């Protein structure tokens, strides 16, 4: 038997040699690849988050500009107070879809407009003999003969007209203030009042007990059809106080237009 100490060394297997070479190549690859990867990862983790792109603010829609509306008087030349009042009604639509009447007490004249503020006609009128803008308490319950001279006023204000009839003559009228017996009606068989509306000045037109007396043709062919078809809002101008004190929502249309332009 041969001595094992002197037995020649067996060569390594080819498998072991292949494993060793693979480990060496892998180590080299880690040295070359791992540092750049770790640097890239660190940079991405510590970088601040990107801000979202700013969204452009949509422009606000332009508000529609208010178009000033004026009453159309045609060839008629009213007083400044009547023009201001009718312009306010036209611009504010205070009459809604109704025709409207403006009564100028100082000049004893009635103006009838359609529902879009076009003047239909204007006529003289007979109004209360007493100057004043208020109705005295209880006058609606008194017989006409019992009214005191100072109680015979045509009240100022805004009224909704309605058709009715008088209890004494059973004649159709357009009520302005039913509770206080103020109406618009024809002048019938009163020569003095017919004469008054025929004169060129209003000085002799203060003759009624407070009602608005009208030429029969105007009542029958203009006022009454307007009430029946559209409904009518009645604006009676004051004669002892400013318009603003009687109509709380009133504003001067032309003054407001100038202010808006500045």
Within the stretch 178-193, the count of residues that are over 20 Å from residue 105 (Cα atoms) and modelled with pLDDT of 95 or more comes to 0
Qualifying residue in the stretch 140-152 (condition: out of contact with any helix residue (DSSP H, G or I) (no Cβ under 7 Å at 6 or more places or on another chain) and surrounded by 16 or more Cβ atoms within 10 Å (Cβ to Cβ)): yes
Pairs please, first residue from the stretch 70-92 and at positive phi, second anywhere and in a strand (DSSP E or B) and surrounded by fewer than 19 Cβ atoms within 10 Å (Cβ to Cβ), Cβ atoms under 6 Å, 6+ apart in sequence or on different chains. 74/119
Kindly indicate whether residue 191 is in contact with a strand residue (DSSP E or B) (Cβ under 9 Å, 6 or more places away or on another chain) and on the phi < 0 side of the Ramachandran plot. no
Hey, which of the helices (runs of 4 or more DSSP H) in the stretch 192-262, taking only ones fully inside, have at least 1 residues that are farther than 19 Å from residue 70 by Cα and more than 24 Å from the chain's Cα centre (by Cα)? 224-229
Picking from 158, 186, the residue that is in contact with a strand residue (DSSP E or B) (Cβ under 9 Å, 6 or more places away or on another chain) and within 16 Å of residue 100 (Cβ to Cβ) would be 158
Boolean, residue 168 is in contact (Cβ under 8 Å) with a residue 40 or more places away in the chain, surrounded by fewer than 20 Cβ atoms within 10 Å (Cβ to Cβ), more than 31 Å from the chain's Cα centre (by Cα) and at negative phi: no
Please indicate, with yes or no, whether at least one residue in the stretch 59-67 is over 20 Å from the mean Cα position of the chain (by Cα), modelled with pLDDT under 90 and at negative phi. yes
Of (1) surrounded by fewer than 20 Cβ atoms within 10 Å (Cβ to Cβ); (2) out of contact with any helix residue (DSSP H, G or I) (no Cβ under 9 Å at 6 or more places or on another chain), residue 180 fails just (2)
Residue under evaluation residue 205, criteria (1) within 25 Å of residue 137 (Cβ to Cβ); (2) buried (at least 20 other Cβ atoms within 10 Å of the Cβ); (3) touching a helix residue (DSSP H, G or I) at 6+ places or on another chain (Cβ under 6 Å), criterion not met: (1)
Quick check on my filter: what residues within the stretch 124-138 are within 31 Å of the chain's Cα centre (by Cα) and either surrounded by fewer than 16 Cβ atoms within 10 Å (Cβ to Cβ) or under 16 Å from residue 100 (Cα atoms) (or both)? 134
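Table: residues versus (1) closer than 16 Å to residue 109 by Cβ; (2) touching a strand residue (DSSP E or B) at 6+ places or on another chain (Cβ under 9 Å).
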residue: 219; (1), (2): yes, yes
residue: 228; (1), (2): no, yes
residue: 231; (1), (2): no, yes
residue: 238; (1), (2): yes, yes
residue: 252; (1), (2): no, no
State all residues of the stretch 86-112 that are touching a strand residue (DSSP E or B) at 6+ places or on another chain (Cβ under 8 Å) and within 24 Å of residue 196 (Cβ to Cβ); if no residue qualifies, say none. 101, 102, 103, 104, 105, 108, 109, 110, 111, 112
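The values are calculated or read from the model by the stated rules, or taken from the named source; none is laboratory data. All figures in this text were calculated on a predicted structure; none of them were measured in a lab. Ideal geometry is used to build each Cβ from the backbone, glycine not excepted, and the neighbour counts take in all protein chains shown.
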